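The values are calculated or read from the model by the stated rules, or taken from the named source; none is laboratory data. What you see is a predicted model, and the numbers here were worked out from it, not measured in a lab. Neighbour counts run over all protein chains shown; Cβ positions are idealised from the backbone, glycine included. Side chains included, ligands, DNA and RNA excluded: accessible areas come from the protein's heavy atoms. Shrake-Rupley method; radii C 1.70, N 1.55, O 1.52, S 1.80 Å.
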Amino acid sequence: MNESLDLLIFGAHPDDAEIGMGGTIAKHTAAGLKVGICDLTLAEMSSNGTVETRQQEAKAASEALGLAVRTNLQLPDRGLYLLPEYVERIAMEIRTWKPRIVFAPYWEDRHPDHIACSKLVQEALFNAKLRRYLPDHPVHTVEESYFYFINDVIEPDVMVDVTAHYESKRSSLLAYRSQFEASGSGAGNDVVRTPLNQGYLERVEARDTLLGQKRVVRYAEGFISKLPYLTELF
């Protein structure tokens with residue numbers, strides 16, 4: 001039987017969770033909490049790298065963040081639609097790991113897969129708690145759900161100071177050499193120019209720095225909640 005997780009983060013692709021909340025993940029694993037990531041796809045449509053390379057990179061990133069578990073549902077990259085079978089797979093992941101808190105990408109983003117992931121997770125969160133939905137599997141209701149930013153950012157409801165753990169976030173992102181390097185052995189010899197390998201990591205760090213300025217900390221990550229925020233985060 002799987003051990004319950006404190007935090008379970010869903011992303012459309014390996015590297016989504018690291019971009020949006022790598023510092024928050026590292027902060028909570030360092031505090032002894034059990035944190036997992038579920039990637040919906042293998043990112044097989046990515047312009048650079050291979051599925052095999054991306055999985056090796058995800059493993060290295062997971063180690064940098066201290067994850068308890070990382071899974072991949074192998075749903076189709078650029079084929080994430082609101083289908084009952086996809087909702088079922090995600091709902092079963094929630095029931096399997098019984099997380100206290102679930103995170104998903106914010107529902108507005110330039111990448112359609114991030115939007116689709118957000119919608120799928122919201123549907124699955126609702127279904128996972130229904131007694132007559134897949135009745136052979138015990139229901140699970142999470143305590144809280146939050147949404148993290150990948151590309152597009154709005155004013156957050158909640159901020160987490162990740163200054164002390166930002167080096168772990170950097171390490172997790174640098175593990176994805178095939179995605180973020182414009183050249184070199186990690187990126188391959190036939191690199192395609194994409195927004196990810198044209199200074200993207202610098203922009204992520206600048207975003208986290210600007211957000212931190214609002215509360216006079218060096219780095220912060222922001223989150224959105226659909227429900228009123230009542231207690232201290234996590």
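Here are some notes:
- Annotation: extensible slack from LYS214 through THR163 equals 17.0 nm (criterion: 0.36 nm per residue apart, minus Cα-Cα distance).
- Taking segment 87-117 and a reference point 7 angstrom along Cα→Cβ of GLU143, the backbone N atoms nearer than 13 Å belong to 99-102.
- Base-10 log of normalised Debye intensity for the chain (one unit scatterer per alpha-carbon) at q = 0.08, 0.09, 0.15, 0.18 Å⁻¹: -0.27, -0.35, -1.00, -1.45
- Among the trypsin sites (Lys or Arg not before Pro) in segment 26-91, those placed in a DSSP loop whose Cβ has at most 16 other Cβ atoms within 10 Å are ARG78.
- When shorter helices are ignored and each DSSP H run of at least 4 residues is given -39500 (n - 2.57), the per-residue value for the chain at 222 nm works out to -11500 deg cm²/dmol.
- Residue of VAL204, VAL153, VAL216 that the Gaussian network model of the chain assigns the largest fluctuation, springs spanning Cα pairs under 10 Å: VAL216
- Taking amide H positions as modeled 1.01 Å from N, with prolines and chain starts lacking one, the residues under 5 Å from CYS38 and 5 or more places away or on another chain are ILE9, PHE10, GLY11, THR71.
- Ranked packing of 137-144, 103-110, 17-24, most packed first, by mean Cβ within 10 Å: 17-24, 103-110, 137-144
- When each of LYS129/LYS214; LYS129/LYS169; LYS98/LYS214; LYS169/LYS214 is checked by Cα-Cα distance, pairs over 28 Å: LYS129/LYS214; LYS129/LYS169; LYS98/LYS214
- Multiplying the residue separation of MET45 and LYS59 by 0.36 nm and removing their Cα-Cα distance gives an extension gain of 3.1 nm.
- Surface accessible to a 1.4 Å probe, ARG203 within the full protein complex, Å²: 120 Å²
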